[in-house]
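The values are calculated or read from the model by the stated rules, or taken from the named source; none is laboratory data. Note that this is a predicted model, so its numbers are computed, not measured. Note: ideal-geometry Cβ built from the backbone for every residue, glycine included; neighbour counts use all protein chains shown.
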2 protein chains.
Amino acid sequence: MEQTRENKQVIFKAYIDRAPAETDMELRIGTVAATVPKGSGMVLLKNLYLSCDPYMRGRMRDFRDSYIHPFTPGETIEGFGVSEVIDSDNTDFRPGDFVTGMIPWEEYSLIRQPDKLKKIEHGRSAAPLSYHIGLFGMPGFTAYVGLKEICCPKEGETVLVSAASGAVGQIVGQLAKLEGCYVVGSAGSKEKVKLLKEKLGFDDAFVYKEEQDLVAALKRHFPRGIDVYFDNVGGEMLDAALLNMNAHGRIAVCGMVSLHGVGNPIGIHNLYNLVFKRINMKGFVQSDYAHLMPQFLEEMTAYYEQGKIKYVEDVRHGLENAAAAFVGLFSGRNVGKQVISVSST
Amino acid sequence: MEQTRENKQVIFKAYIDRAPAETDMELRIGTVAATVPKGSGMVLLKNLYLSCDPYMRGRMRDFRDSYIHPFTPGETIEGFGVSEVIDSDNTDFRPGDFVTGMIPWEEYSLIRQPDKLKKIEHGRSAAPLSYHIGLFGMPGFTAYVGLKEICCPKEGETVLVSAASGAVGQIVGQLAKLEGCYVVGSAGSKEKVKLLKEKLGFDDAFVYKEEQDLVAALKRHFPRGIDVYFDNVGGEMLDAALLNMNAHGRIAVCGMVSLHGVGNPIGIHNLYNLVFKRINMKGFVQSDYAHLMPQFLEEMTAYYEQGKIKYVEDVRHGLENAAAAFVGLFSGRNVGKQVISVSST
């Protein structure tokens, strides 16, 4: 009989049409094969770090028309993760290898199609392993692609970043500074604003929740207007930004986290600015730009190693706290990129 | 003493912040020099056709932050026009020349800077002179630039055009058909829909005012979804289109005529579709693409002469009716491009 071991898992319960709650997930003790079946080509992973990202909320809706399929009720949540190979029947992977890819939210995973995993090349940098789901992973690549390909910032231009201390925003701001731009971030607390200004090198930052009038706040921060808006939130900030954009401005629409909880999202009233200001507003999904991944990894590794880019993580320990960590994204409880470390070893 | 003659003029009265009304303009009998002063370099025009375009409403607001300056209260309205040179002290123009350019709404105009006028080359085509403020003028160029540069339609793609029988829309649809697209127009009356389907070669068209549910109407007309939306109206049609767009769709934001009357425009709720559908939404102003004008004139003239593109005008006679013709744009009273013919000769 096949040997198994206990396997703590985070299960997705049922589709929702509101902001995620901890009760939409539950912890289950399942089982996993203790070794990889011979001849299967599979690998067995010990999962180390799991990524909490806002896009995952889209997989909690019963909506099949998106770029990524919804979660299956009764099965584990999944997302980007970093794992260690502990057994392998696949010549591409050996025990001791570290990999990233789509990883189920559980302690151990038997992966049937390991060709979708990506090996982390050691020696690439001295960065923590968890950065491979952050700075060097999907959030970093999203920031890179969105800023460089959609926003095309030029030296001396002004850049607004919303959710600026988040997984993506903090990298956008630092990359824009490296391009010679004037960068202002909006964030949800004084602590985050301090981080942006003192650690991450933003020229300025403000707590959007403390502003009575976002249009006036942006006018104060951008007396010359905004050339580039990297939009992670949608909603009122987008509306206020439209009124403050300069002619030929660019808006990268990366996400609309402000809308994730809302069945009928608030209306955007200032789109008429697109016409006379000739604004380009583009939604994007990083996976469409896979051809830029090697160049991204090379540049970002160099920036990191030269100390030109920093990364702030908010690490929660244990699968017991995974649901709370994920749900916290939508009220901005995380300070920096939200990561779950699966084991304490 | 300088000889003058009577000159009927349409005067802009005062800035507004609502839809234009006839009472915002008034007819005045002014005077104009009967001949061009020697040594002045000026030309004297007899104005033949004046163009009524929705963008002119923007010049009725006291708003100096746009791509074009506002009208001056107490002075004539101005817009694109076709005129005949009747006297000239400028070596570039001779009596009998026909020109287009920014023309005051009056019978005769003494032009101090004739270098901004463009001579109409005779023999270019057998088209009516008025087409030089329509098919071969700003509206035609807007359609051309917006469709080709912003929407990049590919053979077999689906295209939605709003205000489809208007000055710009009718050309967009015909150009898209020439690119091998499936084209559906939305318009405000059965008469316009008949025109689109029977004369202008649209694959289909519908009366948006008769639809209870625009989202369902678009789903019915585009069971495979919309690849390209050429947006002349904004508002509810844009919101409905966003829900029906395909992945990698393109939206050219040409104008938002539905918003021209509104101080606080209605909100657009479905922008979150930009992200997961990777939609590119771009506002544009044709004058930014001046380098494409020669190529546009060549292609459009060829299309017209080969009978591949038709143009429908709605001509109102006399400056007495100019204000009513202009105001009618905003309730869709015109069928085809709204032109004012200044003199009955």
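Across the stretch B:54-81, what is the number of residues that are more than 14 Å from chain A (Cβ to nearest Cβ), assigned to a loop (DSSP other than H, G, I, E, B) and of a type in the set (A, V, I, L, M, F, W, C)?
Selection size over the stretch B:54-81: 2.
Just checking, which of A:Glu78, A:Glu157 is under 27 Å from A:Phe326 (Cβ atoms) and either buried (at least 20 other Cβ atoms within 10 Å of the Cβ) or of a type in the set (Phe, Trp, Tyr) (or both)?
Among A:Glu78, A:Glu157, only A:Glu78 is under 27 Å from A:Phe326 (Cβ atoms) and either buried (at least 20 other Cβ atoms within 10 Å of the Cβ) or of a type in the set (Phe, Trp, Tyr) (or both).
Here is a yes/no grid of residues against (1) out of contact with any His (no Cβ under 7 Å at 6 or more places or on another chain); (2) part of a loop (DSSP other than H, G, I, E, B); (3) among the small types (Gly, Ala, Ser); (4) closer than 28 Å to A:Phe276 by Cα:
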site: B:Ala127; (1), (2), (3), (4): yes, yes, yes, no
site: B:Gly140; (1), (2), (3), (4): yes, no, yes, yes
site: B:Gly156; (1), (2), (3), (4): yes, yes, yes, no
site: B:Ala176; (1), (2), (3), (4): yes, no, yes, yes
site: B:Val184; (1), (2), (3), (4): no, no, no, yes
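So, in the stretch B:272-291, of the ones that are closer than 24 Å to B:Tyr55 by Cα and out of contact with any Lys or Arg (no Cβ under 8 Å at 6 or more places or on another chain), which residue ends up surrounded by the most Cβ atoms within 10 Å (Cβ to Cβ)?
If we take residues in the stretch B:272-291 being closer than 24 Å to B:Tyr55 by Cα and out of contact with any Lys or Arg (no Cβ under 8 Å at 6 or more places or on another chain), then B:Gln286 is surrounded by the most Cβ atoms within 10 Å (Cβ to Cβ).
What's the total number of residues in the stretch B:104-121 that are assigned to a loop (DSSP other than H, G, I, E, B) and under 30 Å from B:Gln3 (Cβ atoms)?
So the count comes out to 6.
Please enumerate the residues belonging to the stretch B:270-313 that are assigned to a loop (DSSP other than H, G, I, E, B), without any contact (Cβ under 8 Å) to a residue 24 or more places away in the chain and within 14 Å of another protein chain (Cβ to nearest Cβ).
B:Tyr272
Failed condition for A:Phe202, given (1) surrounded by fewer than 24 Cβ atoms within 10 Å (Cβ to Cβ); (2) part of a loop (DSSP other than H, G, I, E, B), with all others met?
Going through (1) surrounded by fewer than 24 Cβ atoms within 10 Å (Cβ to Cβ); (2) part of a loop (DSSP other than H, G, I, E, B) one by one, A:Phe202 breaks only (1).
Name the residues in the stretch B:239-255 that are within 8 Å of chain A (Cβ to nearest Cβ) and surrounded by 24 or more Cβ atoms within 10 Å (Cβ to Cβ), would you?
B:Val253, B:Cys254, B:Gly255
Return the total of residues in the stretch B:186-199 being surrounded by 24 or more Cβ atoms within 10 Å (Cβ to Cβ) and in a helix (DSSP H, G or I).
2
When you look at B:Tyr182, is it surrounded by fewer than 22 Cβ atoms within 10 Å (Cβ to Cβ) and either touching a residue at least 60 places away in the same chain (Cβ under 8 Å) or in the same structural domain as B:Asp231 (by TED's automatic domain parsing) (or both), yes or no?
It is true that B:Tyr182 is surrounded by fewer than 22 Cβ atoms within 10 Å (Cβ to Cβ) and either touching a residue at least 60 places away in the same chain (Cβ under 8 Å) or in the same structural domain as B:Asp231 (by TED's automatic domain parsing) (or both).
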